[in-house]
Amino acid sequence: MSAKTQRSGVSDKANAGSGRRNAETKMKYTIEPLGEVQVVPDFLPSPAELAFREEGVKVTLALSKKSIDFFKSEATKHHTQYQRMIRRLIDAYVDIQAPTRQSTRSPRDKAAPRR
């Protein structure tokens, strides 16, 4: 047994078929055509977007018992908070609707500031 396997208690035979590469294994690279390549747009958010925390507004909202029971049950299954799930659901709806949403305020409403 090698010194490495003696320390771990695993024999060389056990490691032989494991498919793991260790530091001594050399990777062989070849120059071959890649075939058809497709450029994928960068879809990951920037670090600034990840660090950004949206301003929250507290509201009081009455929801049906069955809705709350559903979200609480799902939140428990996924190890998260039910309020966070509801917030993300509403945010997802807004993200889809916002670009196509037409303003429903009348010209009179637009002229008068809302308070």
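Structure notes:
- Each of residue 73 and residue 58 was given a label point 7 Å from its Cα along the Cα-to-Cβ line. The distance between the two points is 3.0 nm.
- Sparse-neighbour loop sites [trypsin sites (Lys or Arg not before Pro); segment 40-82; at most 13 other C-beta within 10 Å; DSSP]: 53, 58
- Calculated FRET efficiency for the pair residue 24/residue 46, C-beta based, R₀ 35 Å, to 0.05: 0.35
Computed from the coordinates by the stated procedures, all read-outs in this text should not be read as laboratory data. Values in this document were obtained by computation on a predicted structure and should not be read as measured data. Cβ: placed from backbone, ideal geometry, glycine included. Neighbour counts: every protein chain shown.
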